[in-house]
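If you scroll down you'll find the structure; I have some questions about it.
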Amino acid sequence: MAITLNSKTYNFVGYDRNGVSVYQETSAGVPTGFSYLTCRVFPASGKEPAKVRWRLTMPVVAAADTEFVPAGTVLRTYEYDEGRVNIAANGTSAERTDFSARIISLVSTAQYIATYTTLVQPSS
């Protein structure tokens, strides 16, 4: 099942080699601009508590060739990782608004809520 964050659709593409659920948003048109959403649920074991890890990355790429960079070059990246957020120093207000809206959308999705309430990792 796809997850929509601030009108951007993240399609489930499978699991990586570490068993992490991977979702991909491709509206940038070039692979360097694809945005990824990942999740991994670690069940409790022994005295260790269960852990839930969500990560969202949003690269911003050059839309056209310039004298300094070719189109598709990553200019900056925004990242939400386990509740920590990295905001690009040279980012624009529109980019920060979009990214914060994606995070707000994420935490209100059924998949996000289920990872904490049922400890079930999202898939498809």
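Residue-by-condition table, conditions (1) of a type outside the set (Gly, Ala, Ser); (2) at pLDDT 90 or above; (3) closer than 18 Å to Tyr116 by Cα; (4) out of contact with any Gly (no Cβ under 9 Å at 6 or more places or on another chain):
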site	(1), (2), (3), (4)
Asn18	yes, yes, no, yes
Gln24	yes, yes, no, yes
Gly33	no, yes, no, no
Lys51	yes, yes, yes, yes
Ala62	no, yes, no, no
Ala88	no, no, no, yes
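Another question, then. Just to be sure before I move on: is Ala88 touching a strand residue (DSSP E or B) at 6+ places or on another chain (Cβ under 8 Å) and assigned to a loop (DSSP other than H, G, I, E, B) in the structure I sent?
The answer is yes for Ala88.
Moving on to the next point. Among the residues in the stretch 91-101, are any closer than 22 Å to Pro31 by Cα, surrounded by fewer than 13 Cβ atoms within 10 Å (Cβ to Cβ) and out of contact with any Gly (no Cβ under 9 Å at 6 or more places or on another chain)?
Scanning the stretch 91-101 turns up at least one residue that is closer than 22 Å to Pro31 by Cα, surrounded by fewer than 13 Cβ atoms within 10 Å (Cβ to Cβ) and out of contact with any Gly (no Cβ under 9 Å at 6 or more places or on another chain).
So Ala50 fits all but one of (1) within 24 Å of Gly19 (Cα to Cα); (2) without any contact (Cβ under 8 Å) to a residue 40 or more places away in the chain; (3) loosely packed, with under 14 Cβ neighbours inside 10 Å; what number is the exception?
Status for Ala50: all satisfied but (2).
Where in the stretch 1-70 are the strands (runs of 3 or more DSSP E), entirely inside, with at least 2 residues that are more than 23 Å from Gln111 (Cα to Cα) and under 12 Å from the mean Cα position of the chain (by Cα)? Working first, answer last.
On the way: elements: 3-5, 8-15, 21-25, 35-42, 51-61.
Qualifying strands (runs of 3 or more DSSP E): none found.
Between residues in the stretch 24-37 that are over 10 Å from Thr9 (Cα atoms) and residues that are modelled with pLDDT under 95 and not β-branched (Val, Ile, Thr), which pairs lie under 7 Å by C-beta distance while being six or more apart or on different chains?
As it stands, the answer is Val30/Gly72; Thr32/Gly72; Gly33/Gly72; Phe34/Ala28, since those pairs meet every condition given.
The values are calculated or read from the model by the stated rules, or taken from the named source; none is laboratory data. From a predicted model like this one, the values you see are computed outputs, not experimental measurements. Backbone-built Cβ (ideal geometry, glycine too); neighbour counts: all protein chains shown.
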